[in-house]
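Worksheet for the structure shown next.
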Amino acid sequence: LAMAQAARHRGDRLEALQTLRSVPAEWLQIQGQLEIAGLELEVGSAAAALERLEPLTAEWLPLPGAFELYARAALTAGNPAALEAQLPKFVREIPPEAARAQSMLREWVARGAARPALLLCIALERAGQPFRGKQLLLQRAACEAALGDEKALTATLERLEAAETQGQAELLRVFSRHASLDQQAWSAGLQAARSAGWKPGPLTQAALAST
């Protein structure tokens with residue numbers, strides 16, 4: 001174990017991983033298994049990390065940061081279904097704090113994992129306070145827009161009508177319909193979002209100028 005720690009401190013993740021893998025399983029506690037899974041993910045062996053974590057769910061589920069590691073392994077391995085299967089149990093048994101939940105949602109949406117993120121939004125909303133509110137609804141709407149579920153998106157945006165979203169709701173509405181909008185309608189939708197308070201940053205402005 002000391003050799004693995006020394007290798008990791010040198011930045012040699014592969015050597016650290018190989019050293020830890022040589023340690024008998026009975027010597028490794030769950031933290032050791034999590035460390036191996038983290039290294040496997042770092043060196044590009046996401047499938048191995050997922051395979052390692054799957055049978056140990058009951059042991060790592062309560063540990064801080066462990067579910068995030070599992071989620072990254074599942075998504076990187078191209079197996080979002082594994083993550084989706086664990087979500088209900090996670091939310092039911094280990095309700096995350098609001099900040100932790102929002103951090104996971106932001107990461108999953110950024111990775112394009114809209115369906116797991118939407119399922120987490122729904123599970124958190126069912127769990128009640130302190131999750132319910134404008135930010136969770138905006139995350140849910142973003143997922144529905146990414147999935148092209150216009151009916152569900154419309155219902156979520158209707159729930160946001162009384163909230164001040166600084167144009168984010170209007171922006172989601174226009175982006176969800178971009179494929180069916182002509183240039184005039186597209187421009188009108190973006191202007192509506194700006195009028196409601198949306199302020200695009202420099203990169204967004206450049207991207208929109210090229211459309």
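The values are calculated or read from the model by the stated rules, or taken from the named source; none is laboratory data. Predicted, not measured: the structure shown is a model, and the values here were computed from it. Here the Cβ positions follow ideal geometry from the backbone for every residue, glycine too, while neighbour counts run over all protein chains shown. Just so you know, the surface numbers come from the protein's heavy atoms only, side chains and all, with ligands and any DNA or RNA stripped out. Shrake-Rupley method; radii C 1.70, N 1.55, O 1.52, S 1.80 Å.
Translational diffusion of region 1-125, estimated by Stokes-Einstein from the Kirkwood radius over alpha carbon pairs at 25 °C in a medium of 0.890 mPa s, is 162 µm² per second.
Could you compute the FRET efficiency for A196 and A127, with r as their C-beta to C-beta distance and R0 at 35 Å, rounded to 0.05? All intermediate terms of the calculation are to be shown ahead of the outcome.
Values: r = 30 Å, r/R0 = 0.85.
The computed FRET efficiency comes out at 0.75.
Each listed q (0.11, 0.15, 0.16, 0.19 Å⁻¹) maps to a log10 I(q)/I(0) for the chain, found by the Debye formula over equal Cα scatterers with no solvent: -0.65, -0.97, -1.04, -1.27.
By the gyration tensor of its Cα atoms, with a ≥ b ≥ c the square roots of the eigenvalues, what is the shape of region 75-170: rounded for a/c under 1.5, prolate for a/b over b/c, or oblate? Before the final figure, lay out the partial values.
Values: a/c = 1.91, a/b = 1.32, b/c = 1.45.
Cα axes put region 75-170 in the oblate bin.
For region 1-50, the Kirkwood hydrodynamic radius comes to 10.6 Å, computed from all pairs of different C-alpha atoms. Measuring nothing but protein heavy atoms, the accessible surface of the chain at 1.4 Å probe radius is 52 percent carbon and sulfur.
When only Cα pairs below 8 angstrom with a gap of at least 6 residues are kept, region 146-202 shows a relative contact order of 41 percent.
Express the accessible area of the chain per residue in Å², computed with a 1.4 Å probe while the remaining protein chains stay in the model. Working shown, then result.
Details: 11700 Å² over 211 residues.
Here the residues of the chain average 55 Å² of exposed surface.
With contributions of -39500 (n - 2.57) from each DSSP H run of at least four residues, the per-residue ellipticity at 222 nm computed over the chain stands at -21000 deg cm²/dmol.
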